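Working notes for the structure below.
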Ligand SMILES: Nc1ncnc2c1ncn2[C@@H]1O[C@H](COP(=O)(O)OP(=O)(O)OP(=O)(O)O)[C@@H](O)[C@H]1O
């Protein structure tokens, strides 16, 4: 144990999981203090406000940043610590906890997640890859840890975000149904490590982690530390075949089907008309976007 207690900044999203996990933040603060850590809890009325206060606190060089929430909070954390020496701890408390799942972190058990964080502070972090995104629609480069969606699920997200009513999870269901009804393949102009590739696709993701949407194994062979991005492409299919594909994607048994294709690369540019890319479930910006895999950019307390 060090002489002075380690200082940990804890960024809390009280609205994760539509507010259902509001109790987790205070529980995490108490649990980490119980492990002998000095804890600086931070929350704000909204995401941008939280980014500002966390960024200011990280300037004081704490021993770790811990995020409490879903993949959106992981994204906040990655954007603040990637490329720095500050490790990231994660207490999953969102609707989608895909990156935590990829790291094998315990879900639904904040005390166990805090115990892992405390142990990794003593034993040393795990170093994984992260992806850096650039594009004309982005004011500055942005990082993601999990998956960049540039197809069907990105369109569902964009449509759901544009709905004023209803609030909550049901707007995603409405958006999903609307996008399914209008399902059509788009033409994508990709560049993978300098090689131009044109494909028609209805679902396309660029993955560092394996899953999206709370466990859909879009890129079942993706590894967080292989220095590569996995590009998942679903070829043009009928609505019925597309729906039938979903259970296979959930179980990760879709690899090998003739309607799916995988490619790998270190740098992947994605261009298509009228599509907004989402990464770690967060809105990034209109395509074209270029994703560069940066090996070992992120230290995680896992
Ligand atoms: N006070 C807040 N602090 C941080 N983020 C907030 C806050 N209120 C709302 N949000 C929103 O929460 C989203 C991130 O949620 P998070 O990933 O932690 O949980 P989630 O339930 O999995 O959310 P989602 O399914 O929308 O990604 C961000 O898009 C952000 O805009």
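Couple of notes before you dig in:
- The angle between the Cα long axis of helix 47-58 and the longest principal axis of the Cα atoms of the chain comes to about 40 degrees, rounded to the nearest 10.
- Listing 153, 109, 122 from fewest to most neighbouring C-beta atoms within 10 Å gives 122, 109, 153.
- Cα long-axis angle, helix 152-162 against the chain (0 to 90 degrees, to the nearest 10): 70 degrees
- Per-residue Cβ neighbour counts within 10 Å put 254, 23, 35 in the sequence 23, 35, 254, beginning with the fewest.
- Against the main long axis of the alpha-carbon atoms of the chain, helix 170-181 sits at an angle near 20°.
- Only Cα pairs under 8 Å and 6+ residues apart enter the sum, and on that basis the relative contact order of the chain stands at 21 percent.
- Averaged over residues, the count of other Cβ atoms within 10 Å places the peptides 86-93, 266-273, 194-201 in the sequence 86-93, 266-273, 194-201, highest first.
- The peptide list 177-184, 295-302, 140-147, put in order of mean Cβ contacts within 10 Å with the highest first, becomes 140-147, 295-302, 177-184.
- Rg and Dmax [Cα atoms of the chain; Å; Rg one decimal, Dmax integer]: 19.0, 63
- Between region 145-170 and region 171-236, the alpha-carbon center distance in angstrom: 14 Å
- With the helix formula -39500 (n - 2.57) applied to DSSP H stretches of n ≥ 4, the chain reaches a computed 222 nm mean residue ellipticity of -9000 deg cm²/dmol.
Coordinate-derived values only; no laboratory data. Everything quoted here is computed from the prediction, not taken from an experiment. Cβ atoms come from the backbone with ideal geometry, glycine included; neighbour counts cover every protein chain shown.
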